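Participant: Quick one: this structure, given as structure tokens, is what I'll be asking you about.
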Amino acid sequence: MELTVLMPCLDEAKTVATCVRKALAACRAAGIEAEVLVADNGSRDGSPELAREAGAHVVHVEEKGYGSALKAGIEAARGRYVVMGDADDSYAFEDVPRFLERLRQGDELVMGSRFRGVIHDGAMPFLHRVLGNPVLTFILNVFFGAGITDAYCGLRGFRRDSIRSLSLHSPGMEFAIEMIVRAAQQQLRIAEVPTSLKPDGRGRRSHLRTWRDGWRTLRFMLLFSPWWLFAVPGLTAMTLGLALTGAVALFRLELFGRALHTHFALLGSALAILGLQITLLGVLAKAVFVLDGIGRSLAVERLISEFRLELALLLGLGAFAAGLAIDGRILLIWLRSHAGLLDETITNLAIMGGTLLALGVEVIFSAFFLSILKGSRDRRWA
């Protein structure tokens, strides 16, 4: 069988039969060998029976959640390709043949885009239309390079084997985002088809919860993008911190006509130490992702394959030695002054030396940890 039209369902008695008939009619008109499969997630209003009467196959899913229903439906689908859409009569199942055409051309995930199509009055809440969806879609594209315009569109098509290979696991609404994220990480071919959205035909509140599901989406994207979660803020903080500490220690700096004193050197030191630690967490997290096959990164893959513990230790020891030399010299000055108060310039240099000591220690122990990860990978693949 070429195509399965998959509909997750939870108490959709008012609309599920209409959706099934629309999908079947569209497939018959286009000469597509297809089935409609309804993944019922515990409906109590007779939705499964109505879906069967309209011509659908029904699979019952005990584990609750939008993602759980879709995962079970994907497993039960008989088609090579799957087009999924909500059973609330808001999506245009008449567009199913257009999704299939893109899949036949080699695309592996074909997203519907309501923003490139038509959004009818009252079909999408104002906050979702102007803020939630565009912002989350923008973040998704920046983090993962998906290149889409409507991350939350529930009407989408995909090659069944390609999506199954992603091992998606989210049980809730974030499943829709996980599919895009994992597809982008694995560099699947992603395309878009303009589609339309009508008001929900059920006449009741959507299963989607604006703030809860929005936060879950953002949380998911952050957790799956260690570069943006750790490395970008970490590198920014470290760069600013090193520049501030070094400048205060070596030069007389002024801001708005006032000299920057020791407290700015301390601020820079804290930023540099925290920044490097956060950056290293990002590198290690990305290494775990790559080693576990969660995502691809040529830079990290090259780092892992060419990583040499001894070189990393030399880098860490170099920073540590530089800090030790600076603080050792200042210790001698302090002893020669009979343990008296030091000039502010000397104090700032001491802070810079202490910062280098801390950075060196962080690099040394992170190098050992990355070496452990690399050794674990080599043993698994041996």
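Participant: Under 5 Å between amide H atoms, partner at least 5 residues away or on a different chain: which partners does MET173 have, H built in plane at 1.01 Å?
Facilitator: Correct list: TYR66, GLY67.
Participant: A further question on this structure: Could you pull the Rg and Dmax for the chain, using just the Cα atoms, both in Å?
Facilitator: Using the Cα atoms of the chain, the pair Rg, Dmax is 28.2, 96 Å.
Participant: Skipping prolines and chain starts, which residues have an amide H placed within reach, meaning under 5 Å, of the one on VAL193, given they are 5 or more residues away or on another chain?
Facilitator: It is MET111, GLY112, SER113, by chain and number.
Participant: Hey, what do the phi angles of the stretch 79-96 turn into as Karplus ³J(HN,Hα) couplings, whole Hz, using 6.51/-1.76/1.60 and θ = phi - 60°, x for Gly and Pro?
Facilitator: x, 5, 10, 10, 10, 10, x, 5, 8, 9, 6, 9, 9, 8, 5, 5, 7, 3
Participant: While we're looking at this one, here's another question. For the stretch 224-241, just list the computed ³J(HN,Hα) in residue order, Karplus coefficients 6.51, -1.76 and 1.60, θ = phi - 60°, integers in Hz, with x standing in for Gly and Pro.
Facilitator: My calculation for the stretch 224-241 gives 9, 9, x, 4, 7, 6, 10, 5, 5, x, x, 5, 4, 5, 5, 5, 4, x Hz in order.
Participant: What are the ³J(HN,Hα) couplings of the stretch 108-125, residue after residue, when phi is run through the Karplus curve with 6.51, -1.76, 1.60 and θ = phi - 60°? Round to Hz, x for glycine and proline.
Facilitator: Each residue's phi maps through the Karplus curve to give 9, 9, 10, 8, x, 10, 6, 6, 8, x, 10, 10, 6, 4, x, 7, 9, x Hz.
Participant: Can you figure out the FRET efficiency of ASP343 with LEU314, using R₀ = 45 Å and their beta-carbon distance, to the nearest 0.05?
Facilitator: That pair, ASP343 with LEU314, gives E of 0.85.
Participant: Once the stretch 3-223 is represented by equal point scatterers at the alpha-carbon sites, with solvent omitted, what log10 I(q)/I(0) does the Debye formula produce at q = 0.10 Å⁻¹?
Facilitator: The calculated log intensity ratios at q = 0.10 Å⁻¹ are -0.38.
Participant: Further question on the same structure: Sum -39500 (n - 2.57) across every DSSP H segment of at least 4 residues in the chain, then divide by the residue count to get the 222 nm mean residue ellipticity, nearest 500.
Facilitator: Calculated mean residue ellipticity at 222 nm is -18000 deg cm²/dmol.
Participant: Hey, got the dipole for the chain? About the Cα centre, +1 on K and R Cβ, -1 on D and E Cβ, debye to the nearest 20?
Facilitator: The dipole of the chain has a size of about 240 debye.
Participant: Calculate, for ASP121 and ALA25, the FRET efficiency according to 1/(1 + (r/R0)^6) with r their C-beta to C-beta distance and R0 35 Å; round to the nearest 0.05.
Facilitator: The computed FRET efficiency comes out at 0.85.
Participant: Highest first, please rank the peptides 50-60, 299-309, 109-119 by the mean number of other Cβ atoms sitting within 10 Å of their residues.
Facilitator: Taking the mean over residues of other Cβ atoms within 10 Å, the ranking is 109-119, 50-60, 299-309.
Participant: To continue, here is another question. Kindly rank 63-74, 230-241 from highest to lowest mean number of other beta carbons found within 10 Å of each residue.
Facilitator: Put in order of decreasing packing, that is 63-74, 230-241.
Participant: Among PHE365, VAL61, ALA249, whose Cα lies farthest out toward the positive end of the dipole of the chain, if unit charges sit on the beta carbon of Lys, Arg (+1) and Asp, Glu (-1)?
Facilitator: Looking along the dipole axis, the top candidate is ALA249.
Quick note: the coordinates plus some simple rules give every number you see, no bench work behind them. Bear in mind that the values here come from a model prediction, so they are computed numbers and not experimental data. A quick note on method: Cβ atoms are made from the backbone with ideal geometry, for glycine too, and the neighbour counts reach across all protein chains shown.
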